[in-house]
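**Q** Handing you this structure, nothing more for now.
The values are calculated or read from the model by the stated rules, or taken from the named source; none is laboratory data. Small disclaimer: the values here were computed from a predicted structure and weren't measured. Using ideal geometry, Cβ is built from the backbone for each residue, glycine included, and neighbour counts are taken over all protein chains shown. Remember, those area values only see protein heavy atoms, side chains included, never the ligands or the DNA or RNA. Shrake-Rupley method; radii C 1.70, N 1.55, O 1.52, S 1.80 Å.
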Amino acid sequence: MNILFMTAHPLLPQMVGGLQRSSAQLAEGLMARGHQVFFLGALMPDGWIGKRDRLLLKLTRKPAVKDHAGGLPTYRGWHPWDAVGHVCRKERIDLCVVLAMQPVKMAQQAQRHDIPVVMMLQDVEYHQHGGDFARLGPVPCVANSRFTADRFRKDFALDPIVIYPMVDGAKYRTETTRENVTFINPHPKKGLDLALDLARNCPDIPFAFVEGWPLTPEDKASLMERLAPLPNVTLHPTAQDMRDVYGKAKLVLAPSQWEEAFGRIGLEPQFSGIPVIATRIGGFPESVGEGGVLLDRTADSGEWTAALRRLWDDDAFYEQKKAAALAHCAQPCFAISHQLDQWERVITQAAQGSLQAEKVNG
């Protein structure tokens, strides 16, 4: 089957985030099972990919151009929804899997070309749908958590299938020196203010801040200014191989202030037995489970500091959470083979028109 994953977000390697990593892992798994997978996303003008594809867009006058910079065949364009028909015709697409960011606008384009769609529900940011989700009709939906499924069930009378994002333990599992507290994606939505408070409150603990979402020059300058008085904080660039990050982490900090639909960062470190301290919000209770500590969104920096210090200083408690982390990520619901079985059932039935918004058992 020829499958197109599409989004109005930038894709690997121009943007590195949960959406990009999870969809790439799924694509690789489907390709290993004999499917052909393509991607369509937004082009960022910066970097060599931006310069190359920007020139090709101008020369070819096509709505999107193809590259393999992220390791998978990827079309990029300024307005990816305008390129859906072009890509579907060129690659003889049988099915479109619609990712987050302008999903309604993207899906409607596929429907106009009579291409079946599966909606991959990855957030609850309805203002970024690019239209009324209800106007899509009874399309098949896969949610990345029970939290996301419940929200769409309540707001759109759907019954999505829940398949957790794929996290290949082999790409994250590593021995770690356990020498720092790691905070991924220093962005206000991800709890930057709280992370800075914790670094100030714990000057004896080394913190590693790792860039995630692209920062504007102004945001980067502001971040560097705020980090300047904190000698225990080191800022690292975006990592393509997260083992380079987790190889030094004793615990991972995820004080997010927005509704993480799943919270992939809550699961990745656990393959290395690294506990996570996260906000009890969105899908974090599912991704973190017993493999860490969850605090209410209303918890102040004092409560966060106490939780961090206990994990950092209390060896017995740390070992308990380390064991719980390893057990949590080993559950069948996170096994890639099981997840691929579920996805193959979904896409097969969707392509045949026999799956609408019904839950697939198994």
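**Q** Output the residues belonging to segment 127-136 that are free of Cβ contacts under 8 Å to residues at least 40 places away in the same chain and small (Gly, Ala, Ser).
**A** 131, 134
**Q** Then there's this: So is residue 139 hydrophobic (A, V, I, L, M, F, W, C) and closer than 30 Å to residue 216 by Cα or not?
**A** Values: hydrophobic (A, V, I, L, M, F, W, C): yes; closer than 30 Å to residue 216 by Cα: no.
Answer is no for this residue.
**Q** Hey, could you check segment 82-126 for residues that are touching a residue at least 12 places away in the same chain (Cβ under 8 Å) and among the acidic types (Asp, Glu) and say which is most open to solvent (accessible area, probe 1.4 Å)?
**A** It comes out as 82.
**Q** If you go through segment 233-259 one residue at a time, how many are over 14 Å from residue 186 (Cβ atoms), assigned to a loop (DSSP other than H, G, I, E, B) and open to solvent by less than 20 Å² (accessible area, probe 1.4 Å)?
**A** Residues flagged as over 14 Å from residue 186 (Cβ atoms), assigned to a loop (DSSP other than H, G, I, E, B) and open to solvent by less than 20 Å² (accessible area, probe 1.4 Å) within segment 233-259 amount to 2.
**Q** Go through (1) open to solvent by less than 10 Å² (accessible area, probe 1.4 Å); (2) in contact with a Pro (Cβ under 9 Å, 6 or more places away or on another chain); (3) under 12 Å from residue 74 (Cα atoms) for residue 5 and report which single condition fails.
**A** Result: residue 5 fails condition (2) only.
**Q** I would also like to ask the following. Please go through (1) at pLDDT below 95; (2) farther than 24 Å from residue 28 by Cβ for residue 70 and return the number of the only condition it doesn't satisfy.
**A** (2)
**Q** Between a residue in segment 274-290 that is open to solvent by 20 Å² or more (accessible area, probe 1.4 Å) and any residue that is in a strand (DSSP E or B) and among the aliphatic types (A, V, I, L, M), which pairs come within a Cβ distance under 9 Å, given they are 6 or more apart or on different chains?
**A** From residues that are open to solvent by 20 Å² or more (accessible area, probe 1.4 Å), the pairs are 280/294; 280/295; 285/278; 285/294.
**Q** Among the residues of segment 54-81 satisfying the criterion of being free of Cβ contacts under 8 Å to residues at least 24 places away in the same chain and farther than 23 Å from residue 113 by Cα, which is least open to solvent (accessible area, probe 1.4 Å)?
**A** Only one residue tops the list, namely 67.
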